[in-house]
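Some notes on the structure that comes next.
The values are calculated or read from the model by the stated rules, or taken from the named source; none is laboratory data. Values in this document were obtained by computation on a predicted structure and should not be read as measured data. Backbone-built Cβ (ideal geometry, glycine too); neighbour counts: all protein chains shown. Quick note on the areas: whole protein, heavy atoms, side chains included, nothing else; ligands and nucleic acids left out. Shrake-Rupley method; radii C 1.70, N 1.55, O 1.52, S 1.80 Å.
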Amino acid sequence: MNKIPCLAIMTAAALTIAGCGNSDPKLANSSVDKVLKAMTLEEKVHLVIGTGMAGESGEGAVIGATKKIVPGAAGTTWPIERLGIPAIVLADGPAGLRIDPTREGDENTYYCTHFPIGTLLASTWNQELVENVGKAMGEEVHEYGADVYLAPALNIHRNPLNGRNFEYYSEDPVVAGKTAAAYVRGVQKNDVGTSIKHFAYNNQETNRTANNAIISPRAQREIYLKGFEITVKESQPWTVMSSYNKINGTYTSQSRDLLTTILRDEWGFKGLVMTDWFGGDNGAEQIAAGNDMLQPGTEKQYNQIMDAIKDGSLTEAQLDVCVRRVLELVKRSPKAKGYAYSNKPDLKAHAAVTRQSALEGMVLLENNGVLPLKDVKKVGVFGCTSFDFIAGGTGSGNVNRAYTVSLIDGLKNAGFEVDEDDKDAVMKHIADEDAAYRASIKGDYSVFFPTPRPSEFVPSVARIAASAKANDIAIITFGRNSGEFFDRTSADFELSAKERELLNKVTAAFHGQGKKVVVVLNIGGVIETASWKTIPDAVLLAWQAGQEGGNSVTDILTGVESPSGKLPMTFPVNLMDAGSSANFPIDTGVGVYFTNRREDIGQKDVDQTDYAEDIYVGYRWFDKKDLAVSYPFGYGLSYTTFEYSAPSVKNDGKTVTAKVTVRNTGSVTGKEAVQLYVSAPAGKLDKPVKELKAYAKTASLKPGESQELTLTFPTSELASFDEEASAWVVDAGTYSFLFGASSRDIRCTAKADVAATSTPAHRVLLLQQ
C-alpha cells in the first residue's frame, strides 16, 4: 500500500517529489497536457489532495490554518518542484481575508480589512457596490500572497436560526445569486480566484458533516441550486466548494450528478471543485464524482484513491480529469506567474470602502420622526454592544483586523458628547463573562466558536434617570454574535428578559423627560421584533458592518446618507411561523462534529432533515399561507419618499424587459431599490403568489428628481421545474409584473403575454427521492 508521509510536519522541501532532471517539462512554459503526461501516478494522487494538517485525520489541528507560505491561510495545494508546480494558497473569507496578523520573528503586521458581513451586502440591493467591495477584498488577497479566496457563501436562508446565515445572502435565490456574482466579479478582477460555497444545501450547522437533506427535485432546482447557477453563469468563478452534508442519501462531494451533470454539463462550469475541509468520507468516490481537489488532505484519502485505482473501481483516466483541473488552476494563479506580492495592500482606502458600503446595507425598520438626528448634542448610550461593537462573525469568516470602531467611538468621532459613566462597569461585565465562557471550553477548535453575548447590563434606576435628565437622546444597542459550527437557539431569536428590562426602563425614563430613544440592532440574523418594535422611537438594523461599523451607524443616524437598505429576508412575527421551523433542529443540544462523523441514529432534523415546505421558503411561504409578518422581504424605510410610475413590460420570447420611473417625492436625497416580482397564470404546477425575478437600485436622487429603471431577465426564468417531465416549463398565458418597494408593497403593475416552452433537464439520480 502506498503511504503518504505525515502531512502536518512536512517542510516545503519535503513536499517536493523526487524528479528526473532538467528535461522535465515545467508548468510555467509548458502545456498542461505535457505536464500531465510527465507525472507519475503518485504525483497525480498527491496533487489532488492538499498538503494536510496534523495527524492522519486532522484531529488536534486548528481547522483552516497553515503556516506554509502565508501564515494563517486555510491551506495549500501540493507542490512538485521538478515540474515547476508551485503550492498555491487558499485563504478564507467572506467578510475579508483571514490570515495571521503577526508572524514570529517579524515586526511587521499583516492585518486585513473587515468588510461588512454577507447579509448586509445583500441588503444593499446594489450589485455595483458589491462588486466594488469584492474588488477591494481581492486586492488584499493578491497583495498578501493568496491565490484563491474561499468565498463567497450563498446558501439560502431557509430558517432564521441557521448559524451561518450571517455569511449567506438571502432567502431568495435571485438576490443570493446576483449578489454572489457581483462579489466574484469584483474579487477576480485582481487575477485571483474565488470559491463559491457551500455547494449545496448547507442550510443548517447542526451535524453539518453528516446531515442528510431530503429535498424534492423542484425545490432543489428552483430554490437551492438557482443562486449557484446564476453565479456560475454570470461570473465564472475559478472554483466551487462542495458542502459537507448529504443530499437524498449521498454526500454532495461524492455526487457525480451534482458536481458533473448539473454543474458542468448543464451550467457549463469550467473550473475546479474542491471539498470543504475534511468533507465527505471516500476520496476515490469524490474523484469519480468530479470533486477535483480534497482539502486539506489526509493519508486516508491518499490510500483510498491509490487502492481504488489498483482494484479498478477508479481509473487513472478518471483521476487525470481532476489532475488536469488542478493544473489549470495552478497555472492561472499569481504564484505560477511569479507575482511578487507586496504584503502592503491599501488598508486605509479599504477602510473607506467598508465604511461607505455599509451605509447602503443598513435597514431603517422604524422611525417616528427622530431620525436623522437634529438638535442633539449629548447622547446617553446603553447596551453592552454599544461599547463592544460586533464587526462580524467567527469561525472561518473571522477577519484579523487592526481595530473595530464601536458605536461610542463613532458618535464621538462625529462630535457628540457621549455619556460614558457606565463604560468601566460594562466592560468589566463583558470581560468577566467572556473569561468564564473561555474557561469552560476546551480544544484547538474553540478559537472558532462564536462567543455568547454577555447577559445585558442594566444600570440602576437612578443612573438611568440621571442619564435621561442630562442627555438629549438615548441609543440602545442590542447585539448577537454570529459564527459557524452552531445553529442559533430559540432564546437567541428573542430579546432576553434583561434586554426587555433595559428597553422598558430606558424608554420610560427618556420619554418621561420628553426625549427620544433609538434602538440599534448589531446582529447577524433575524430576531423577533413584533412584540417590542413600537416601544422605541426608531429602530435601525445595522447588521454587522465590519471594522468601521460605529462610524457607519453614526453616518446613518446623522443623515450623512439616507438609509436605502432593504431586507433580503422576512422577519416573522413568531419563529414557528416560518415554514421550515417544523423541520429544523431547534434547540436540539447536539454537539459539534468536525472531522469525525456522528453515528446516524435517525434523529429528526439532525441526522436527516425533510425540507417539507418544498419551494415555499421565506416570503413564498408567508404569501402562500397569508401570514402576517413583522417586516416583509424587501422592506426598508428611507428619510425620503418615492413614487413609482409609467410601468411597462415587453417580452420578445428571449428576454423580458420591464421599465418603471422612480421619483423622489420627499425633501432628502436618497436611493430606492425597486423589486420586480412576477405572478404567473394558473398551470399544471402549484406556484407561489409571486416570485422575485429582477431588481435594480436608483442613483442618488435629489428631491423632485426622477430616474427610469430598466430591469431585464431571460424569459426562460419564468419557468417552473416539472419533476414528472424533468423539464423547465413555462406555461402560456398572461403574466403580471409587479413593481414593489417590498414583497408586500406593490406600487404598480404591468402585464405581458408569454408563450409556452419546455426545456429538458437531465433526469439525474440525485434528484430522485
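What residues from the stretch 322-348 fall in the zone where the backbone N is under 19 Å from a label point 7 Å along the Cα-to-C-beta line of Ser31?
322-332
Tell me, what is the FRET efficiency for Lys233 and Asp614 to the nearest 0.05, using R0 = 41 angstrom and their Cβ-Cβ distance as r? Present the calculation step by step, with values, prior to reporting the outcome.
Numbers: r = 24 Å, r/R0 = 0.60.
It comes to 0.95.
With charges only on Cβ, +1 for K and R and -1 for D and E, what is the dipole size of the stretch 320-361 about its Cα centre, in debye, rounded to 20?
Numbers: 9 positive and 4 negative charges, 42 e Å.
It works out to roughly 200 debye.
If I model a spin label as a point 7 Å beyond the Cα along the Cα-Cβ vector, how far apart are those points for Thr665 and Thr102 in nm?
It works out to 5.8 nm between the two label points.
Label point 7 Å out from Glu128 along Cα-to-Cβ: which residues of the stretch 659-679 have amide N under 16 Å?
662, 670-674
Is the stretch 238-312 rounded, prolate or oblate when judged by the Cα gyration tensor, a ≥ b ≥ c being the square roots of its eigenvalues, rounded requiring a/c under 1.5 and prolate requiring a/b larger than b/c? Please report the intermediate quantities before stating the final value.
Details: a/c = 1.60, a/b = 1.51, b/c = 1.06.
Here the stretch 238-312 falls in the prolate category.
Are there any helices in the chain, counted as whole DSSP H runs, that stretch 27 Å or more along their axis by Cα and score at least 1.6 on average by Kyte-Doolittle, and if so which?
Working: long enough: none.
Taking the DSSP H segments of the chain (at least 27 Å long, mean hydropathy at least 1.6), we get none.
I need the Debye-formula profile for the stretch 196-338: one equal scatterer per C-alpha, no solvent, reported as log10 I(q)/I(0) at q = 0.21 1/Å, two decimals.
Per q value, in the given order, log10 I(q)/I(0) is -1.35.
Determine, at each q value in 0.09 (inverse angstroms), the log₁₀ of I(q)/I(0) that the Debye formula gives when each Cα of the chain is one equal point scatterer.
-0.83
Any chance you could tell me what percent of the C-alpha pair distances in the stretch 610-652 go past 14 Å? Display every interim value, and only then the final one.
Numbers: 612 of 903 pairs.
The proportion of pairs with Cα distances above 14 Å equals 68 percent.
Given labels modelled 7 Å from the Cα in the Cβ direction, how far is it in nm from Ala755 to Lys654?
In this crude label model, Ala755 to Lys654 measures out at 1.3 nm.
Give the calculated FRET efficiency between Ala470 and Glu501 to the nearest 0.05, with a Förster radius of 25 Å applied to their Cβ-Cβ distance. If you can, show how the numbers build up before the last one.
Details: r = 21 Å, r/R0 = 0.85.
Using R0 = 25 Å, I get an efficiency of 0.75.
Is there a quick way to get the dipole size of the stretch 345-411? I mean about its Cα centre, with the Cβ of Lys and Arg at +1 and of Asp and Glu at -1; what is the value in debye to the nearest 20?
On the way: 6 positive and 6 negative charges, 37 e Å.
Charge dipole, the stretch 345-411, about its Cα centre: 180 debye, nearest 20.
Grab the beta carbon distance between Arg763 and Lys625, set R0 = 30 Å, and tell me the FRET efficiency rounded to 0.05. Don't skip to the answer; put the middle values down first.
On the way: r = 32 Å, r/R0 = 1.05.
So the FRET efficiency works out to roughly 0.40.
Lys671: which lysines have alpha carbons under 21 Å from its alpha carbon, excluding same-chain residues fewer than 8 sequence positions away?
Lys178, Lys566, Lys659, Lys693, Lys697, Lys702
Rolling a 1.4 angstrom probe over the protein heavy atoms, how many square angstrom per residue are accessible across the chain? Mind showing how you got there, number by number?
Working: 26630 Å² over 769 residues.
With all protein chains present, the chain gives 35 Å² per residue.
Report the semi-axes of the equivalent ellipsoid for the stretch 149-276 in whole Å, largest first, where each axis is √(5λ) for an eigenvalue λ of the Cα gyration tensor.
Working: eigenvalues 85, 54, 36 Å².
Square roots of five times the eigenvalues give 21, 16, 14 Å.
Taking every alpha carbon pair in the stretch 329-402, what does the distance histogram look like in 10 angstrom bins from 0, in percent?
11, 25, 33, 17, 8, 6, 0
How far apart, in nm, are the 7 Å Cα→Cβ label points at Lys344 and Glu266?
Each label point lies 7 Å from its Cα, and together they span 5.0 nm.
Using +1 at the C-beta of Lys and Arg and -1 at the C-beta of Asp and Glu, which of Trp621, Thr209, Pro459 has the Cα lying farthest in the positive direction of the dipole of the chain?
Trp621
Using the charge dipole of the stretch 348-441 (Lys, Arg: +1 at Cβ; Asp, Glu: -1 at Cβ; taken about the Cα centre), state which of Ala352, Leu373, Phe389 has its Cα farthest towards the positive end.
Farthest towards the positive pole: Ala352.
For Lys44, go through the lysines and keep the ones whose alpha-carbon is under 26 Å away, minus same-chain ones fewer than eight residues off.
Answer for Lys44, where 26 Å is the Cα cut-off: Lys3, Lys26, Lys34, Lys67, Lys68, Lys197, Lys270, Lys300, Lys310, Lys331, Lys335, Lys337, listed by chain and number.
Is there a quick way to get the dipole size of the stretch 355-487? I mean about its Cα centre, with the Cβ of Lys and Arg at +1 and of Asp and Glu at -1; what is the value in debye to the nearest 20?
On the way: 14 positive and 19 negative charges, 32 e Å.
So the dipole magnitude of the stretch 355-487 works out to roughly 160 debye.
Can you give me the relative contact order of the stretch 420-533 as a percent, contacts being Cα pairs under 8 Å and 6 or more apart?
Numbers: 105 pairs, mean separation 35.6, N = 114.
Once normalised by length, the contact order is 31 percent.
Count the DSSP beta bridges whose two residues both fall in the chain, then state the antiparallel fraction as a percent rounded to the nearest 5.
The antiparallel fraction comes to roughly 60 percent.
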